[in-house]
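First up is the structure itself, then whatever we jot down about it.
Just so it is clear, none of the values below were taken in a lab; they were calculated from the coordinates. The model shown is predicted, which means the values in this text are computed figures rather than measured ones. Here Cβ is always computed from backbone atoms with ideal geometry, including for glycine, and neighbour counts include all displayed protein chains.
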2 protein chains.
Amino acid sequence: MASTSWQDRCARRKQAQVDSIPKDWLITLPSEDKGNVLDVPITCGLLTPREIEITETVDVIAILSKLKSGDWSSVETTRAFYKRAIIAHQLTNCLTEIFVERALDRAKEVDDYLKIHGKPIGPLHGLPISLKDQFTMKGLETIMGYVSWIGQHAEKDSVLVEILYELGAVPFVRTNVPQTLMWGETYNHVFGRTTNPYNRRLTPGGSSGGEGALLALKGSPLGVGTDIGGSVRIPSTFCSLYTLRPSYERLPYCGAVNSLEGQESISSVLGPMAQTINAVKLFTKAIIDAKPWRKDPMAIHKAWSEEEYALSEHGKGGKMCFAIMWDNGVVKPHPPLWRAMRMVKRALEAAGHKVIDWVPYKQLEIYKTAEMIFAADGGHDYRAVCEQSGEPLLRSMSLPSDNHGRPIDHPLFRSLLGEPKHYTAYELWRLHKEKRDLRKDQLDYWEATVSQTGTGRPVDAIISPALAYTAVPHGLNTDSFYCTFCNAMDYACSAFPVTYVDPIVDLQHPSHEFYNHEDEAIYKMYDPAVFAGAPVGLQLIGRPLEEEAVIAMTQVVDHALKMMKSY
Amino acid sequence: MASTSWQDRCARRKQAQVDSIPKDWLITLPSEDKGNVLDVPITCGLLTPREIEITETVDVIAILSKLKSGDWSSVETTRAFYKRAIIAHQLTNCLTEIFVERALDRAKEVDDYLKIHGKPIGPLHGLPISLKDQFTMKGLETIMGYVSWIGQHAEKDSVLVEILYELGAVPFVRTNVPQTLMWGETYNHVFGRTTNPYNRRLTPGGSSGGEGALLALKGSPLGVGTDIGGSVRIPSTFCSLYTLRPSYERLPYCGAVNSLEGQESISSVLGPMAQTINAVKLFTKAIIDAKPWRKDPMAIHKAWSEEEYALSEHGKGGKMCFAIMWDNGVVKPHPPLWRAMRMVKRALEAAGHKVIDWVPYKQLEIYKTAEMIFAADGGHDYRAVCEQSGEPLLRSMSLPSDNHGRPIDHPLFRSLLGEPKHYTAYELWRLHKEKRDLRKDQLDYWEATVSQTGTGRPVDAIISPALAYTAVPHGLNTDSFYCTFCNAMDYACSAFPVTYVDPIVDLQHPSHEFYNHEDEAIYKMYDPAVFAGAPVGLQLIGRPLEEEAVIAMTQVVDHALKMMKSY
């Protein structure tokens, strides 16, 4: 092995992936110039009408109903989604592990159970679920974008996978990630670059970018990603999906591989991604109802609360007060984000809620503190893993192959943070303390909004961009100011789609006094022609461990938007 | 200030403390040779019959009932406990901050509220509560045993104190701690040594040792300590009290001062200490019902669950299965602990429960990992604070003044751990990961007990010593193997009294093959004559965030013990 170059190892592994695709599932590829490929699954001719019917059913509750009644077998449902996933993969390079036989065997087991027992295994009976390339499955490799992890076959299932089996689900593909997981795009040396099916010249985001591309193409009814600085919210807003970033340890991460393992101050969390908010709710409730603390020692012992889902702490769903953070004072969002926020404001007001402005507070300090914690080992963790294979540590997601032979030289790559240093344990503890103090400041600040809401409560939730922009050309997504805010504060939050970039309407804003060079670079990056048609999503930010209420409030916003659009 | 020696600063501060005691509350001190001073509060003549009646009421629910009905005013109740606290202090040196007028003013405010509104302020209406010297109160010093913190007046109340005020309580004294808080005894250069009222030649334990001594003398109806490696359980078992060590962040620590701030992997927690388990329950429920997450950003948003308190996850209080850890395989407990465990076993069996043995698993690995995390800064945090004043960092709790002019040279002071080193952030993360892996191992191990319990559930709770011994002579409490297990695993747990050392019955065990030199030293330390009359307590260990069930199960054990003793 030592004599094999890392490039050769990647080439072999990629070939093995190609070989794992059933030959009769290969399609005639559209031209590489074709940006939007959302129509291809239907038009390419691979899917039967029944498979189209199944995979076009974006309502996961409807799919589960068919599966539990036996109207659709899990085998045919899994095969339908698998075929569509393989189409998606050929279009966007979104998959890592492909294991058709194993998934179909599992689906058959589920079907047999229903036949024998006359009842479903559990709430996710027969449902194919895609997983980010961190959730180990016994016997399968978990490469997570690292060359040195090629050939590492998991000895057991991650806790999430164990629970999914208990609940009757069919884990059926794993999806692509960036090297180190710490990028908001999706590229690694082993599996390459994932593209955005809305426009393949744009990134689907990351780090759960394989999920983003796959789910947007309806190659999976429900996926699971992870998020330490926006990694479920970025691909969701870039790919017109719903997601939840739960608070630390509400959902079971144990047994999943990760980078920066042992960094416990701002923990990565897992969250569902799907075409509907109802699917997000279904997954979250099902996993919590399975009492993940029986298997994951870090999982919070807190039962799913129907009361909190009924907004018991938010006026029981009556008049609520939302606050919109139009601009965090660090980087000003692009015009389509502003339009989306205006749409949400109008929709919520039309639904009888109050909407006020959220004045940003200590946003840059929070971001810097979080980033310093993530980089407290001076990159030692990443380097150690890369050195095992000799692959270079990536310094940007801007690849020569995408950019006329040279990486992009862009002001965005000059971070607001200085060079990373390797801190001592004591220095790290001081950073943790700074973060705690910032959490306290922000909590008091939020509580103080009670004087402005008219509801007798502080602001119920904040609405904000997840990123200052919609999906950007490959290599240009370098910031996560709006997202990391929630990770650092441990705010449970969702992302949801609102609209699409309309080059006619979303004209460049007049120039403003730039907050910093990144703000300037982001301002100058906007070009309606480049972004035309890209999905525009936002996030809804609640308090720590308020997953039930965050989901319910996202349903309120979603419903209000749909009501407004229907007029 | 810089020209004042640290010794002079201590002397002045100690004098200021003496001056803060009302002159007419000084008592004629018993001989220094008098070991057990529990009778002194009644016999010294300072307390009126009414004050004796009030302070002898160990049932906090009964006290609150009198306070809420107005039968007892908060002023007279607070004064009664204050006088008794001052007696306790003269006997054991248990207090730090003494602020009689301020507390009585607060009590009057509470009384006035009841008169004006005809209803109590809240569930803790009028109740005097003692606080470990970490819980800042606006305007008061919080010295926490550090010379350099003399003169640091708090700018605001800690969150716990804020909530206590909301609930109607009267914080009325603060209690002594060891320098750095990281000792299981109670000595610092500013306020000196706290002794055990059951036998002043013994330590009350620590680090919440001031609380232990005060509560044992009924100088407070309810106290609050903190625990990162046994610091509420050690003084509770050494002083015949009940306590709860909740899981991380279930109760609000925010705003309290601490050592090792920012060490977030094995967090210090706060817990109530009292003469009854009902008081522990009352406090815990009252604080959680106050929604501490409104004020403490780290506090877990999990409401008090009456269902879980009704043992919904433990057979609804029907037949349960407890496991006794007689010996953790690292240090063998002294004979009185074994007798106490046998008593609990008999009592639980008589009450219809099953009791099996807990076979220890990875106990030493867990202890070592936790201690390495605590010492990951190589002592930098402690040294930095000590250097500000010039006071020396204590290397043991064995003081020349207690030991014929020289510190004890004892094999216990040679730790099983090597010399501390200052880790890098990356190394610290590796330690965190080791700890997580150990938590997973221990969880799976516990879950696997389902095959032995006969209840269809894993073991409901573990009963074990909190320390391998009862209260020891000053300077000899160096280990916390049994306690730290729970902190590292984040097991919610309680401590409860069982009996007292009986030198006739509790004879030395035959020698065993020693596990290590500490085990040998602890074995040789046992002398029935030295320990005679010392309280013997145990801990009850539940799962993370199971505070409600742990309290309920402790009530089950307590009731079973009382039933057995009553025959």
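Counting only Cα atoms, the size of the range B:310-565 along its three principal axes is 58, 50, 36 Å, in decreasing order. Ranked by the mean number of other Cβ atoms within 10 Å per residue, highest first, peptides A:189-198, B:330-339 order as A:189-198, B:330-339. Computed over the alpha-carbon atoms, the range A:34-94 gives an Rg to Rh ratio of 1.01, Rh here being the Kirkwood radius from the mean inverse distance.
Computed from point charges on the beta carbon alone (+1 for Lys and Arg, -1 for Asp and Glu), the dipole magnitude for the protein assembly as shown about its Cα centre is near 1040 Debye. For the pairs A:K218/A:K565; A:K34/A:K138; B:K83/B:K285; B:K291/B:K316; A:K156/B:K316, note any where the Cα-Cα span goes beyond 32 Å. Beyond 32 Å: A:K34/A:K138; A:K156/B:K316. Only helical runs count toward this figure. For the protein assembly as shown, summing -39,500 (n - 2.57) over DSSP H runs of n ≥ 4 and dividing by all residues gives -11500 deg cm²/dmol at 222 nm. Over the C-alpha atoms of the protein assembly as shown, the Rg to Rh ratio, Rh being the Kirkwood estimate, stands at 1.00. Under the rule a/c < 1.5 gives rounded, and otherwise a/b versus b/c splits prolate from oblate, where does the range B:496-567 land using the Cα gyration tensor? Oblate is the answer for the range B:496-567, as a/c is 1.5 or above yet b/c matches or exceeds a/b.
Shown here are the Rg and Dmax of the Cα trace of the range B:1-73, at 18.5, 55 Å. Shortest first, B:H509 label-point distances to identical copies amount to 7.1 nm, with the label point at 7 Å from Cα along Cα→Cβ.
Chain A residue nearest by beta-carbon to the axis mapping A to B, with distance in Å: A:K302, 2. Ranking B:Y426, B:S65, B:H353 by how far each Cα lies toward the positive end of the dipole of chain B (charges on Cβ) leaves B:S65 at the top.
Charge tally around B:L26: other residues with Cβ under 15 Å, Lys/Arg +1 each, Asp/Glu -1 each, net +1. For peptide A:441-453, the mean count of partner chain Cβ atoms within 10 Å of a residue's Cβ comes to 1. The same position B:K316 in the other copies lies at 2.9 nm from this copy, comparing label points 7 Å beyond Cα toward the beta-carbon, shortest first. For chain A, what does the alpha-carbon gyration tensor say about shape, rounded, prolate or oblate, given a ≥ b ≥ c as the root eigenvalues, a/c under 1.5 as rounded, and a/b over b/c as prolate? Rounded. The trypsin sites (Lys or Arg not before Pro) of the range B:504-567 include none that meets both conditions, a loop assignment by DSSP and at most 14 other Cβ atoms within 10 Å of the site Cβ. Look at the stretch A:541-549: the mean tally of other chain Cβ atoms within 10 Å of its residues' Cβ atoms is 2. In this assembly of identical copies, the label point of B:I42 (Cα plus 7 Å along Cα-to-Cβ) is separated from its counterparts by 8.7 nm, sorted shortest first. Proximity of backbone amide H atoms, modeled 1.01 Å from N, is registered between B:V498 and B:V536, B:G537, B:L538 at under 5 Å, excluding neighbours fewer than 5 places apart on the same chain. Across peptide A:289-302, the average count of Cβ atoms from other chains found within 10 Å of a residue's Cβ is 5. Within the shell of other residues whose beta carbon sits under 14 angstrom from the beta carbon of B:E162, the net charge comes to +1, with Lys and Arg scored +1 and Asp and Glu -1.
Exposed loop sites were defined as GluC sites (Glu not before Pro) in DSSP loop states (anything but H, G, I, E or B) carrying at most 16 other C-beta atoms within 10 Å; in chain B the longest segment without such a site runs B:262-512.
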